[in-house]
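Colleague: Below you'll find the structure I mean.
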Amino acid sequence: MFLENFLPTWLLESIYVLTPDRLKDLQVKGIITDLDNTILAWNQPDVTKELEEWVNTMQANGIQVMILSNNNKKRVRRVADPLGIPYYHSARKPFRKGLRYLLGESDLNEAEVIYVGDQLLTDIWVSNRQGIRSVLVRPILDTDIIWTKLNRKVENWIFSRLQSKYTELKWRDHID
């Protein structure tokens, strides 16, 4: 039972493999995403062309994109504001306050949203606690800040047990 708290709905190589057509097939109207090492490298201060194009594509197809991050306001705003997307900073994930806030701001419910992140202990756990389908992506960089390095050690242990129990749990370049 403990392991299921960290079981993602999907494992994807990158957030950028998500396509509007497939999301619409799944009745997804919104994406709440982590920031660091999910949509940008943790040490990348500014929006990349790839991120801008991906957000624009989602929005042009009626899919709202929002950021939920444990990082500080300055860092999150520097990314969210140029993209014109809602955000919640200093979220203290896996607590659900920020997730609930963004759901309320978007007028979307749990069934209409997916949550994307690169960490089991924060992103997938908060998503699962809220009853939202979750997507674990590979971190953009292999390096992390010190606190995340500690989390990764625990996550690697949990992930290996999940893969032993759920043999269908495989990294993919699309959502099945």
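The values are calculated or read from the model by the stated rules, or taken from the named source; none is laboratory data. Fair warning: this is a prediction, and the values are worked out from it, not measured in the lab. Cβ coordinates were reconstructed from backbone atoms using ideal geometry, including for glycine residues, and neighbour counts include every protein chain displayed. Heavy atoms of the whole protein, side chains included, go into the accessibility calculation; ligands, DNA and RNA do not. Shrake-Rupley method; radii C 1.70, N 1.55, O 1.52, S 1.80 Å.
Colleague: Kindly indicate whether L99 is within 13 Å of the chain's Cα centre (by Cα) and either closer than 29 Å to L169 by Cβ or of a type in the set (A, V, I, L, M, F, W, C) (or both).
Modeller: Spelling it out, L99 is indeed within 13 Å of the chain's Cα centre (by Cα) and either closer than 29 Å to L169 by Cβ or of a type in the set (A, V, I, L, M, F, W, C) (or both).
Colleague: E110 versus (1) free of Cβ contacts under 8 Å to residues at least 40 places away in the same chain; (2) under 13 Å from the mean Cα position of the chain (by Cα): which is the lone unmet condition?
Modeller: Result: E110 passes all but (2).
Colleague: Here is a check on your reading of the model: is V65 within 11 Å of the chain's Cα centre (by Cα), surrounded by 19 or more Cβ atoms within 10 Å (Cβ to Cβ) and either basic (K, R) or more than 28 Å from N156 (Cβ to Cβ) (or both)?
Modeller: Answer is yes for this residue.
Colleague: Looking at the range 140-150, is at least one residue open to solvent by 50 Å² or more (accessible area, probe 1.4 Å), of a type in the set (S, T, Y) and closer than 23 Å to L11 by Cβ?
Modeller: Within the range 140-150 (the criterion being open to solvent by 50 Å² or more (accessible area, probe 1.4 Å), of a type in the set (S, T, Y) and closer than 23 Å to L11 by Cβ), the answer is yes, since at least one residue qualifies.
Colleague: How about the range 1-97: which strands (runs of 3 or more DSSP E) wholly inside it have at least 2 residues that are free of Cβ contacts under 8 Å to residues at least 60 places away in the same chain and under 15 Å from I114 (Cα atoms)?
Modeller: Strands (runs of 3 or more DSSP E) meeting the threshold: 64-68.
Colleague: Would a scan of the range 91-106 turn up a residue that is at pLDDT below 95, of a type in the set (D, E) and touching a Pro at 6+ places or on another chain (Cβ under 7 Å)?
Modeller: Among the residues of the range 91-106, at least one is at pLDDT below 95, of a type in the set (D, E) and touching a Pro at 6+ places or on another chain (Cβ under 7 Å), which makes the answer yes.
Colleague: Being crowded, with 18+ Cβ neighbours inside 10 Å and among the β-branched types (V, I, T): is that true of I124 here?
Modeller: Spelling it out, I124 is indeed crowded, with 18+ Cβ neighbours inside 10 Å and among the β-branched types (V, I, T).
Colleague: Only residues that are open to solvent by 10 Å² or more (accessible area, probe 1.4 Å) and in contact with a strand residue (DSSP E or B) (Cβ under 9 Å, 6 or more places away or on another chain): list them for the range 45-60, please.
Modeller: D46, V47, T48, W54, Q59, listed by residue number.
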